[in-house]
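Peer 1: Following this message is one structure expressed as structure tokens.
The values are calculated or read from the model by the stated rules, or taken from the named source; none is laboratory data. Here the structure is a predicted model, which means the values were calculated and not measured. We place every Cβ from the backbone using ideal geometry, glycine too, and count neighbours over all the protein chains shown. Just so you know, the surface numbers come from the protein's heavy atoms only, side chains and all, with ligands and any DNA or RNA stripped out. Shrake-Rupley method; radii C 1.70, N 1.55, O 1.52, S 1.80 Å.
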Amino acid sequence: MNKYFRSNIHAMASYIPGEQPQPGVEMIKLNSNENPYPPSPGVLAVLRNIEGEWLRRYPEPLGGEFRRGVREVLGVPTDWIIVGNGSDEILNLVMRACTEPGKKVVYPIPTYVLYMTLTQMQAAELVEIPYGVDYKLPLSELIAANGAVTFIASPNSPSGHIVPISDLRTLASCLSGVLVIDEAYVDFAEDNALALVKEYDNVIVIRTLSKGYSLAGLRLGFGVANPQLLDGLFKVKDSYNIDAIACALGTAAITDQVYKNACVAKIKASRTQLATDLKQLGFHVWDSNTNFLLVQPPQENAQYLYQQLKERQILVRYFPHPGLDNKLRITVGTDAQNQVLVERLKEICF
């Protein structure tokens, strides 16, 4: 079968998402950074009143209703917004529109592994620049690489750190290519880079409803950028990439900021408590601007702990990569879920 594929597709490895529990198996799932709370009641009300006519007709090709919701919440014009089937689709659109063999894609590591996968799909040149131990942005190296596309996840996964706006501004001003600021976890942070899209026409800020809005199963995200930059992305997107139900539910979610902010506040409080509990067990815990924690066990036996927790019906994320293979990424669950995790770790470690 290999003869049917392009050489770069044959050579690349598939992106591996977080493990899913087997059907019927009760697990505490703390490995994919899902929000532990249900979506807004407004979302569920819309879902209960879906009409068959919504399914019979094609949806709005640009997700107009949702774009208007984003405009209402963020104060950006609708023609500065592109809607995608999850923020991953927007990342893919940028790659399809802006890269090709011979063009460079640049990003600091460790970060979201999908950036590598998308680069390999396009057969573009991959330039990975390591973060230092303090996760300070390697600014001069990123500028020198001057990629056709540069990805910066802020807040970053799996480290949880946020990149200073001053660094992002410097980067945007020095690059000749597109700067993608991936703000998937921005709802849990204290700052954001949205203002940069008005300052620089090569910047796109990408967000998702999977994390802060409890809609990971819906697959809805969006990007904000100068319309001249979005013009090329619209050319390569599918005609009807956002279904009518996702558009309606996403609009209900993003316009209910009171509910979203209340859930985020609970997660932040739980994050603080979980970090405290893990430190008391001897774990090194990195500061987090997200809904997860990057932690290093006192014995640096991350893979062993991952396996032991899985046997006890708890899923966390283990990355078998250099610099991460002695660490775990743990999603912040409810207080009850977090307490079970801590108790199981006590059983395993002591």
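Peer 1: Under 5 Å between amide hydrogens, which residues at least 5 positions from Ile109 or on another chain qualify, with H placed 1.01 Å from N in the peptide plane?
Peer 2: The answer is Ile129, Tyr131.
Peer 1: Can you compute the modelled spin-label distance between Glu53 and Glu300, with each label point 7 Å from Cα toward Cβ, in nm?
Peer 2: Calculated label separation equals 6.5 nm.
Peer 1: Between region 139-211 and region 61-123, what is the C-alpha centre distance in whole Å?
Peer 2: Cα centres, region 139-211 to region 61-123: 12 Å.
Peer 1: Which of rounded, prolate or oblate describes region 41-114 when judged by the alpha-carbon gyration tensor and an a/c cut-off of 1.5?
Peer 2: prolate
Peer 1: Rg/Rh for region 213-350: what does it come to with C-alpha atoms and Rh from Kirkwood? Provide the component values of the computation, followed by the final result.
Peer 2: Values: Rg = 19.3 Å, Rh = 17.7 Å.
We get a ratio of 1.09 for region 213-350.
Peer 1: Cα to Cα, under 21 Å, and not fewer than 8 places away if on the same chain: which lysines meet these conditions relative to Lys266?
Peer 2: Correct list for Lys266: Lys29, Lys211, Lys279.
Peer 1: Contour minus end-to-end for Ile165 and Glu190, with contour as 0.36 nm per residue of separation and end-to-end as the Cα-Cα distance? Display every interim value, and only then the final one.
Peer 2: Working: separation 25, 0.36 × 25 = 9.00 nm, distance 1.15 nm.
Extra length from Ile165 to Glu190 when fully extended: 7.8 nm.
Peer 1: Compute the accessible area per residue over region 53-117, keeping the other protein chains in place, probe 1.4 Å, unit Å².
Peer 2: Values: 2950 Å² over 65 residues.
Ligands and nucleic acids excluded, the result is 45 Å² per residue.
Peer 1: Would you mind working out the accessible area per residue for region 221-295, using a 1.4 Å probe, and quoting it in Å²?
Peer 2: Using a 1.4 Å probe on heavy atoms only, each residue of region 221-295 averages 39 Å².
Peer 1: Using a Förster distance of 41 angstrom, determine the FRET efficiency expected from the C-beta separation of Lys198 and Glu100, and round it to 0.05. Walk me through the intermediate numbers first.
Peer 2: Working: r = 29 Å, r/R0 = 0.70.
It comes out at approximately 0.90.
Peer 1: Taking 0.36 nm per residue of sequence separation and subtracting the Cα-Cα distance, how much length would be gained by fully extending the chain between Gln307 and Asp238, in nm to one decimal? Provide the component values of the computation, followed by the final result.
Peer 2: On the way: separation 69, 0.36 × 69 = 24.84 nm, distance 4.04 nm.
Extra length available between Gln307 and Asp238 comes to 20.8 nm.
Peer 1: If you don't mind, another one. Within region 235-350, what whole-number % of the accessible surface is contributed by carbon and sulfur, with the 1.4 Å probe and all protein chains included in the calculation?
Peer 2: Of the solvent-accessible surface of region 235-350, carbon and sulfur hold 48 percent.
Peer 1: Another question about this same structure. Calculate one ³J(HN,Hα) per residue across region 323-339 by plugging θ = phi - 60° into the Karplus curve 6.51 cos²θ - 1.76 cosθ + 1.60, and present them in order as whole Hz with x for glycine and proline.
Peer 2: x, 10, 6, 10, 10, 10, 10, 10, 5, 6, x, 5, 4, 5, 5, 4, 5
Peer 1: Peptides 83-93, 193-203, 229-239: what's the order by average Cβ count within 10 Å, highest mean first?
Peer 2: Result, highest mean Cβ count within 10 Å first: 83-93, 193-203, 229-239.
Peer 1: Out of the total accessible area of region 126-172 (probe 1.4 Å, heavy atoms of protein only), what percent is carbon and sulfur?
Peer 2: 58
Peer 1: Moving on to the next point. In whole angstrom, and with the biggest value first, how far do the Cα coordinates of region 87-211 range along each principal axis?
Peer 2: 38, 31, 31
Peer 1: Could I ask something else about it? For the pair Tyr15/Asp335, report the inter-label distance in nm, with labels modelled 7 Å from Cα in the Cβ direction.
Peer 2: Going from the Tyr15 label point to the Asp335 one covers 3.6 nm.
Peer 1: Per residue, how large is the accessible surface of region 132-202? Use a 1.4 angstrom probe and give square angstrom.
Peer 2: On the way: 2540 Å² over 71 residues.
I get 36 Å² per residue for this part.
Peer 1: Hey, another quick one. With each run of n ≥ 4 DSSP H residues scored as -39500 (n - 2.57), what mean residue ellipticity at 222 nm is computed for the chain after dividing by its residue count and rounding to the nearest 500 deg cm²/dmol?
Peer 2: Calculated from helices alone, the mean residue ellipticity at 222 nm is -12000 deg cm²/dmol.
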